[in-house]
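Inspection log for the structure reproduced underneath, given as structure tokens.
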Amino acid sequence: AGDLSARAAFDAIAGVWDFTPELSVITGFAKTSEGAAVATGGDTDVYVVDASYKLGENAMNTVLEGTYVLSRTRKANVNNYGGRITSAPIEDLNVESEYVYQVNNAFRDRASDAVRLGANYAMPDVTWKPGFGIDYMRLSNKWNAMHESLAPADLANLIFNNTNRCAFS
């Protein structure tokens, strides 16, 4: 019920542009908090641009993705520059890697980064269609969690203790 409360509610708008079957771009804006709260520095605005390009079956169904996320308050700007690659090198096996570089100007432009690696294997020919996977996440010690009080970050935080952890599924 906590995720359905006013705490997790905010105004947002997003646009999706599919330029070709291979290339799509998503842009968005969200006002995640509004007001003159001293602790948060007033309004919090989040801007997002995400572009993905599908290389296709001849390239192992690889998808390249680039993301920019800006969280802006009166006191600070947190810029996130990310990239992700997903691929299926063999049938029913998916692998992915993701890297995010973050600059937080509230603390003298301190920079941090995050890395996530993962793989999962599905067994569709087995009666119950089981699968298994592994994920690894590393966050630098200066990482700003930004809006982790909003879903789905809560779920990710239950699975990963947010740094140098490995999870099996």
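Can we say residue 85 is in contact with a strand residue (DSSP E or B) (Cβ under 6 Å, 6 or more places away or on another chain), exposed (fewer than 15 other Cβ atoms within 10 Å of the Cβ) and hydrophobic (A, V, I, L, M, F, W, C)?
It is true that residue 85 is in contact with a strand residue (DSSP E or B) (Cβ under 6 Å, 6 or more places away or on another chain), exposed (fewer than 15 other Cβ atoms within 10 Å of the Cβ) and hydrophobic (A, V, I, L, M, F, W, C).
Out of (1) on the phi > 0 side of the Ramachandran plot; (2) open to solvent by 60 Å² or more (accessible area, probe 1.4 Å); (3) in contact with a Lys or Arg (Cβ under 7 Å, 6 or more places away or on another chain), the odd one out for residue 60 is which?
(3)
Within segment 116-143, track down each residue that is open to solvent by less than 40 Å² (accessible area, probe 1.4 Å) and closer than 16 Å to residue 79 by Cα.
The answer is 139, 140.
The values are calculated or read from the model by the stated rules, or taken from the named source; none is laboratory data. Remember, it's a predicted structure, so these values are computed and weren't measured experimentally. With ideal geometry, Cβ positions are generated from the backbone for all residues, glycine too; neighbour counts draw on all protein chains shown. In case anyone asks, the SASA skips ligands and DNA or RNA and just uses the protein heavy atoms, side chains included. Shrake-Rupley method; radii C 1.70, N 1.55, O 1.52, S 1.80 Å.
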